[in-house]
Structure formats: structure tokens, C-alpha cells
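Below is one structure, written out as C-alpha cells, with a few remarks after it.
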Amino acid sequence: MRLILLGPPGAGKGTQATRVAEKYGIPQLSTGDMLRVAVSAGSPIGLRAKAVMESGALVSDEIVQGIIDDRIGEPDAKSGFILDGFPRTLAQAEALDEMLARKGLKIDAAIELTVDAEKLVSRIINRAAEAKAAGRPVRKDDDPEIFRTRLAAYFRETAAVTPYYAAKGVLRFVDGMASIAEVAGAIDAILAPLE
Ligand code: AMP
């Protein structure tokens, strides 16, 4: 299964993608996670991406497309994957189709977690507080002001990806404001017939 999880930052894509990856035995490909690893490692890509990520803006299409092109060619992604945080622009969605078409592949489903944007801000404040209380590092871009920049980038650039997958007939919506278990159940109901 080749899946895409869409939705704004803080919608719960990471949580659900991790669960789907475990349940269906496919890798979770999160461009955000991969970029954070590159930043910590101080690699050339990390050095280029660091300041952009900290500001809450989007890293260039060229960088993330390169990361994904390499990653989907790895052996563990041969039988499927779930993309989390990619594509985030129309250009990325088109580039992904080209990468897959070269391998004779296509996306089976794009699931968008729908949200109430204002409630997301309080959700993200809680996420930062929970991480801090548990002694985990708090993401710099989970600061409420920067989070608003990320949300604005989503509505300006990423929202255009939704109609792209709708036109392909693979888009499904799930209420991302429901509980984690309810969201999981709704996603599984969509995926069951695809297995
Ligand atoms: P995330 O963990 O998915 O919220 O991503 C954290 C940050 O990484 C984003 O705010 C962007 O700066 C960058 N990023 C992650 N994925 C992408 C992408 N597909 N396109 C551009 N920037 C991205």
C-alpha cells in the first residue's frame, strides 16, 4: 500500500502514520523527521534547512523531493509506505507522481485529517507542555507564534494538494478532531479494502 496522510501541522499525522506503519508493516516516511535528523547531524541538507524550519516556513521543493526520491528507492519501501508531511505543495505532488510513474507505481489512497484550525493552536501548546513535563526536548517550531506561521504556510501552499488527489479519485477525509482511537478506526476502515 502506498499511502499519503494529509492535514495541517498538529492534526495528528505523525501519531497515525506511526500506528499505520506498525500495523501494516510499511515504513513511515516523514520528511519533517528526516529533516530534523539532517539538522542534528549537521549534514549539508540539514545546514540548508535549519533556519527555514525554525522560522516555520517550508523547505525548498528541491530538497524534500530529493530526500523522498532517495527514500522510496530503499528496499524497505518497495512494497509500500505511508508518507507523512509530504507532499506539501502542488509541485511536490506532481514530482511524487513522476517518481512513482518511473517505477510503474501509484498512490493507493490519500487520507486527509480535517481539523478546526483554532483548536489546533491549543493542541500544539499542550504538545509542547507534555514534552517538557516528560523531559523530552520541545520542538522549537512548536512555539505558538511559529506554529501560526506553519499553519499559514499550510493554508497558503499545502491546501492545494487536496484537490489534486480528489481529482485522482483517491482522496478520503477523516475527522482529525476525534479521539486518537476514533481516528485510527476511521483510517483502518478506509485501508481494509485496500489490503
Ligand atoms: P513537520 O514535522 O512535518 O511538521 O515538519 C517540520 C518542518 O519541516 C516544516 O515546518 C517545514 O519547515 C519542514 N518540512 C517538512 N516536510 C516538508 C515538505 N514536504 N516540504 C517543505 N518543508 C517541509
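At 0.36 nm per residue, minus the direct Cα-Cα distance, what do Ala133 and Asp70 gain on full extension? Give it in nm, one decimal, please.
On the way: separation 63, 0.36 × 63 = 22.68 nm, distance 3.64 nm.
So the chain would gain 19.0 nm between Ala133 and Asp70.
From the mean inverse distance of alpha carbon pairs (Kirkwood) and the Cα radius of gyration, derive Rg over Rh for the chain.
0.94
Through the Karplus equation 6.51 cos²θ - 1.76 cosθ + 1.60, θ set to phi - 60°, convert the phi angles of region 42-59 into ³J(HN,Hα) values in whole Hz; use x for Gly and Pro.
x, 5, x, 5, x, 5, 6, 8, 3, 5, 5, 4, 5, 7, x, 8, 8, 5
I want to check the label-to-label distance for Glu145 and Phe173. Put each point 7 Å from Cα in the C-beta direction and report it in nm to one decimal.
In this crude label model, Glu145 to Phe173 measures out at 3.4 nm.
Could you calculate the contour length gain from Lys23 to Asp97, that is, 0.36 nm times the residue separation minus the distance between their Cα atoms, to one decimal place in nm?
24.1 nm
Quick one: which residues, 5+ away or cross-chain, put their amide H under 5 Å from the amide H of Phe173? H built at 1.01 Å from N.
Here Glu112 satisfy the definition.
Just list whichever of Lys78/Lys119; Lys13/Lys168; Lys106/Lys140 have alpha carbons separated by over 31 Å in the model shown.
With Cα atoms farther than 31 Å apart: Lys78/Lys119; Lys106/Lys140.
Defining a contact as two alpha carbons under 8 Å apart and six or more residues distant in sequence, what relative contact order in percent does region 2-189 show?
32 percent.
If I stretch the segment between Glu54 and Asp33 completely, what's the gain in nm (0.36 nm per residue apart, minus their alpha carbon distance), one decimal?
In short, 6.2 nm is gained.
List every residue whose amide H lies under 5 Å from the amide H of Leu83, counting only residues 5 or more places away in sequence or on a different chain, with H placed 1.01 Å from N in the peptide plane.
Counting only residues 5 or more places away or on other chains, the set is Leu3, Ile4, Leu5, Leu29.
Per the helix-only calculation at 222 nm, which mean residue ellipticity applies to the chain, given -39500 (n - 2.57) for every DSSP H run of n ≥ 4 and division by its residues, nearest 500 deg cm²/dmol?
-17000 deg cm²/dmol
What size of dipole, in debye to the nearest 20, comes out for region 2-189 about its Cα centre when the only charges are +1 on Lys and Arg C-beta atoms and -1 on Asp and Glu C-beta atoms?
With Lys and Arg at +1 and Asp and Glu at -1, about 200 debye.
Throughout, read-outs are computed from the coordinates displayed, never taken from laboratory work. Computed from a predicted model, the values in this text were never measured in an experiment. Neighbour counts run over all protein chains shown; Cβ positions are idealised from the backbone, glycine included.
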